[in-house]
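The values are calculated or read from the model by the stated rules, or taken from the named source; none is laboratory data. Quick caveat, the model's predicted, so the values are computed rather than measured. Cβ: placed from backbone, ideal geometry, glycine included. Neighbour counts: every protein chain shown.
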Amino acid sequence: MSSIRSSEITPEHIYLSRRSFMRSVGTLVAGAFVLNACGEAASTGPAPTPPVPGTTTAGTDELSDPLTAFEAVIGYNNYYEFSTDKEAVAPLSRDFTTSPWTVEVGGLVNKPKTYAMEDLLQRFPQEERVYRLRCVEGWSMVIPWMGFPINKLLNEVEPTSKAKYVRFETVERPEEMPGQKDGYYRWPYVEGLRLDEAMNDLAILATGLYGKALLPQNGAPLRLTVPWKYGFKSIKSIVKIDLVEEPPTSLWMAAGPSEYGFYANVNPDVPHPRWSQSSERRIGDSGRRPTLLFNGYSDQVAGLYSGMDLRTNY
Amino acid sequence: MLYLRKNWLRMLAHVGALIPLAILLWDAHLDRLTFNPIQEITFRTGKTALVLLVLSLVCTPLNLLLGLKQVLPLRRPLGLYAFFYVCLHLLTFVYLDYGFDLGLIREAIVEKRYVLVGFSAFLLVLPLAITSTKGWQRRLGKRWKSLHKLVYLAAPLAVLHFLWLVKADIREPLAYGAVVATILILRTPAIRRSITRFRQRRQQAATSTTAARVPHSDPRS
């Protein structure tokens, strides 16, 4: 016997918006097949409609959480190359040069290549992906990105059989990035993914958000977006992508090895000495919400880590 | 007017201590507390509390080193304002941030060392705030002074709280740590005695030289 508390009854407006969301998901499932974004998730049958990560409708993600306001997405940025003050990044990065821009892709590949930004935009069709972004500091956003799966780029350069990891590097330009003049961190910013993580369809190289080209504060012109990992993994303003044999040491691993591991998967069961990882505050909300394992993308990525102890591989 | 002239330093302390609250409320009213207002309120109240605590502790050494007796009465109001901001800080944490979710709050205290030391510092200054009145001072007599030495434990804990919560760059908390460490060193009996002795000797020397100079102050006379 259990009674329903009034607090558990969904308010009508949310209920109705969920209904309209469900309806539109129906039409999107077909679209998802075409995009081949999440064919597996969409193939389980008509009811209940499975969530389709990355797709958007009526301004929500697939869990029907609303998008974070554009002003917050472009006004509240962790980008230490410019400033440690999140709201100082936008003004400080206003004149950052994002064109011309080239990205050197090399290392253990058969066809190393330097891409001009225009090449990338032309070669790889841009898709919209609505992803949750969970910062290790305990806050989160829902952002409609534009970009393309990084596996498309990697397939083109053909990683050799020795390649096990992908190493990403941010541009080093202290004259335009005042934060890089501070010797406290080991610049340039470096991040890494295991090759199979990078090949996962959810991992994209983002070129825009909210239907517009990326602004400098969000990592223009090209950044990584790996939604199941803490935000710092999603390295900004990439100029170099190398396929390597050993796991690269990221800037944060070097700065705090006991706090920041190579994987940095969103995991409410792996505590951090400072910030709650079991709960988070969505920017724009007043309360807290529980943090989801792999930021809610378990169905798509949990298989990458089967048999691994996520507490030691944090 | 006379009251103001006599108490201007005290007035300044009151006004100065309330300005951060006024700015906080004003910014809240104008919706200018960043896109993460709860965190901003937490940061601002915490920082203000720490600054006021340090200022209240600086009064005694100021008197010791420079003989500024007039700052001594500021210790109580500054300490109480520090406690006031600590209460706002704690309330922001348990109510605004965690919505009195006891499970999450317990987890935070047990799991995060910075929360643990911050909370300990609060528990240490709580009895000091309660016994800050003249009545309690009288009732406790000599024990009042010993009790209020707890602040010399609370202040380093507050700095540790700050040190453990910053992401990577520990320079700012270390600066506060250096100030608190200096204050603590000046408080140790041996150092204190030698400073007092040094000052007394200098004062004596000063009075004796002026005294000696008086007859020769105007050689033409």
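Has the range A:219-229 got any residue that is among the small types (Gly, Ala, Ser), buried (at least 24 other Cβ atoms within 10 Å of the Cβ) and under 17 Å from the mean Cα position of the chain (by Cα)?
Yes, the range A:219-229 contains a residue that is among the small types (Gly, Ala, Ser), buried (at least 24 other Cβ atoms within 10 Å of the Cβ) and under 17 Å from the mean Cα position of the chain (by Cα).
State the number of residues belonging to the range A:222-245 that are outside any loop (DSSP other than H, G, I, E, B) and within 13 Å of chain B (Cβ to nearest Cβ). Show your work before the answer.
Here is the first cut: in the range A:222-245, the residues outside any loop (DSSP other than H, G, I, E, B) are A:223-225, A:229, A:231-233, A:238-244.
Now restrict to residues that are within 13 Å of chain B (Cβ to nearest Cβ): A:231-232.
Looking only at that region, the number is 2.
Looking for something within 14 Å of another protein chain (Cβ to nearest Cβ) and crowded, with 20+ Cβ neighbours inside 10 Å - is there at least one such residue anywhere in the range B:78-89? Walk me through it before giving the result.
As a first pass, look at the range B:78-89 and keep what is within 14 Å of another protein chain (Cβ to nearest Cβ): none.
Looking through the range B:78-89, none of the residues is within 14 Å of another protein chain (Cβ to nearest Cβ) and crowded, with 20+ Cβ neighbours inside 10 Å.
What tally of residues in the range B:150-206 results from selecting those that are hydrophobic (A, V, I, L, M, F, W, C), under 30 Å from A:Asp182 (Cα atoms) and assigned to a loop (DSSP other than H, G, I, E, B)?
So the answer is 3.
Among A:Val130, A:Val142, A:Val73, A:Val136, which is aliphatic (A, V, I, L, M), within 14 Å of chain B (Cβ to nearest Cβ) and touching an Asp or Glu at 6+ places or on another chain (Cβ under 8 Å)?
Working: A:Val130 fails: within 14 Å of chain B (Cβ to nearest Cβ); A:Val73 fails: touching an Asp or Glu at 6+ places or on another chain (Cβ under 8 Å); A:Val136 fails: touching an Asp or Glu at 6+ places or on another chain (Cβ under 8 Å).
It is A:Val142.
From the list A:Ser237, A:Ser298, which one is at pLDDT 95 or above, under 16 Å from the mean Cα position of the chain (by Cα), among the hydroxyl-bearing types (Ser, Thr, Tyr) and more than 26 Å from A:Leu63 (Cβ to Cβ)?
Numbers: A:Ser298 fails: more than 26 Å from A:Leu63 (Cβ to Cβ).
Answer to the check: A:Ser237.
Take the conditions polar (S, T, N, Q), touching a Leu at 6+ places or on another chain (Cβ under 7 Å) and touching a residue at least 40 places away in the same chain (Cβ under 8 Å) and apply them to A:Ser250. Does it pass? Before you say what the answer is, go through the steps one by one.
Working: polar (S, T, N, Q): yes; touching a Leu at 6+ places or on another chain (Cβ under 7 Å): no; touching a residue at least 40 places away in the same chain (Cβ under 8 Å): yes.
Criteria not met by A:Ser250.
Which residue out of A:Asp182, A:Asp119 is free of Cβ contacts under 8 Å to residues at least 12 places away in the same chain, within 14 Å of another protein chain (Cβ to nearest Cβ) and not aliphatic (A, V, I, L, M)? Break it down into steps so the answer makes sense when it comes.
Working: A:Asp119 fails: within 14 Å of another protein chain (Cβ to nearest Cβ).
Testing whether each residue is free of Cβ contacts under 8 Å to residues at least 12 places away in the same chain, within 14 Å of another protein chain (Cβ to nearest Cβ) and not aliphatic (A, V, I, L, M) leaves just A:Asp182.
If you scan the range A:246-264, which residues turn out to be in contact with a helix residue (DSSP H, G or I) (Cβ under 9 Å, 6 or more places away or on another chain), within 12 Å of another protein chain (Cβ to nearest Cβ) and aliphatic (A, V, I, L, M)?
Once the filter is applied, which keeps residues that are in contact with a helix residue (DSSP H, G or I) (Cβ under 9 Å, 6 or more places away or on another chain), within 12 Å of another protein chain (Cβ to nearest Cβ) and aliphatic (A, V, I, L, M), the range A:246-264 yields only A:Leu251.
I'd like to know if the range B:108-116 contains one or more residues that are away from chain A (no Cβ under 14 Å), part of a helix (DSSP H, G or I), β-branched (Val, Ile, Thr) and touching a Leu at 6+ places or on another chain (Cβ under 8 Å). Let's see the steps before the verdict.
So the first thing to find is which residues in the range B:108-116 are away from chain A (no Cβ under 14 Å), and the list is none.
No - not one qualifying residue is present in the range B:108-116.
Does any residue in the range A:265-279 that is more than 9 Å from chain B (Cβ to nearest Cβ) come within less than 9 Å, Cβ to Cβ, of a residue that is assigned to a loop (DSSP other than H, G, I, E, B) and among the β-branched types (Val, Ile, Thr) six or more places away or on a different chain, and which pairs are these?
Cβ pairs passing all conditions: A:Val266/A:Val136; A:Val266/A:Thr291; A:Asn267/A:Thr291; A:Pro268/A:Thr291; A:Gln277/A:Val136; A:Gln277/A:Val266; A:Gln277/A:Val270; A:Gln277/A:Thr291.
Name every residue in the range A:280-312 that is touching a helix residue (DSSP H, G or I) at 6+ places or on another chain (Cβ under 6 Å) and within 9 Å of chain B (Cβ to nearest Cβ), in order of residue number.
A:Ile283
Within the range A:200-213, is there a residue that is within 23 Å of A:Val89 (Cβ to Cβ) and either in a loop (DSSP other than H, G, I, E, B) or within 14 Å of chain B (Cβ to nearest Cβ) (or both)? Talk me through it step by step, then tell me what you get.
Narrowing the range A:200-213 to residues within 23 Å of A:Val89 (Cβ to Cβ): A:204-213.
Right, trim to either in a loop (DSSP other than H, G, I, E, B) or within 14 Å of chain B (Cβ to nearest Cβ) (or both) and you get A:210-211.
Within the range A:200-213, one or more residues are within 23 Å of A:Val89 (Cβ to Cβ) and either in a loop (DSSP other than H, G, I, E, B) or within 14 Å of chain B (Cβ to nearest Cβ) (or both).
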